[in-house]
1. Among the helices (runs of 4 or more DSSP H) confined wholly to the stretch 32-141, which include 3 or more residues that are at pLDDT 95 or above?
2. Under 9 Å by Cβ, and 6 or more places apart or on different chains, what pairs join a residue from the stretch 114-125 that is without any contact (Cβ under 8 Å) to a residue 60 or more places away in the chain with one that is acidic (Asp, Glu)?
3. For the stretch 91-108, name all the residues that are farther than 10 Å from Thr121 by Cα and either out of contact with any strand residue (DSSP E or B) (no Cβ under 8 Å at 6 or more places or on another chain) or of a type outside the set (Val, Ile, Thr) (or both).
4. From the list Leu134, Leu114, Leu97, which residue is buried (at least 18 other Cβ atoms within 10 Å of the Cβ), in contact with a Phe, Trp or Tyr (Cβ under 7 Å, 6 or more places away or on another chain) and not small (Gly, Ala, Ser)?
5. Just to verify a result, which residue in the stretch 98-141, among those that are among the β-branched types (Val, Ile, Thr) and more than 11 Å from the chain's Cα centre (by Cα), is nearest to Met70 (Cα to Cα)?
Amino acid sequence: MKNLVILIALFLGVAIIYPSSVNAQGCGGSGMKSSCSKSCKGESKSCAPTTSTTTGSIKGTMKVSGKCDMCKTRIETAAKSVNGVMTAEWNPTTKILTYTSKVAIKKEDISNALIKVGHDTELGKATASTYSALPGCCKYR
């Protein structure tokens, strides 16, 4: 009985401590705090991805220009090409890319990958030559 009580106490201690010790990069490079994720929502350029403690993955979003299903495929493939990105889904209606990773990823790295394939992001624009090489149905400017 004594061992069972100790085991339960140990389990509860780990369950309480673990979510607060998740080491994710929040606003300003500090550890993730719930107040940080609330204050970041209006700061699209400086906001770091938020952490989901239920899955242990880091989730982020970014505005990306595009128009069609070909754009969707190109955007998602480019985002997933960034080392550490596990999932990427772009919504053609909202123009928002949602991505997840197991490690902190610089938003600039994802943006650069998208710019290289011809898509403007909230952090930068594709070059004229890269943009002009896109198929006609993908021209969004």
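1. Details: elements: 34-40, 69-80, 107-116, 128-132.
The qualifying helices (runs of 4 or more DSSP H) are 69-80, 107-116, 128-132.
2. Hits for this filter: Leu114/Asp120; Gly124/Glu108.
3. Result: Asn91, Pro92, Thr93, Thr94, Tyr99, Ser101, Lys102, Ala104, Lys106, Lys107.
4. Working: Leu134 fails: in contact with a Phe, Trp or Tyr (Cβ under 7 Å, 6 or more places away or on another chain); Leu114 fails: in contact with a Phe, Trp or Tyr (Cβ under 7 Å, 6 or more places away or on another chain).
Answer to the selection: Leu97.
5. Ranking the candidates gives Val117 first.
The values are calculated or read from the model by the stated rules, or taken from the named source; none is laboratory data. Just so we're clear, the structure is a prediction, and the values are computed from it rather than from any experiment. Note that we place each Cβ from the backbone using ideal geometry, even for glycine, and neighbour counts take in every protein chain shown.
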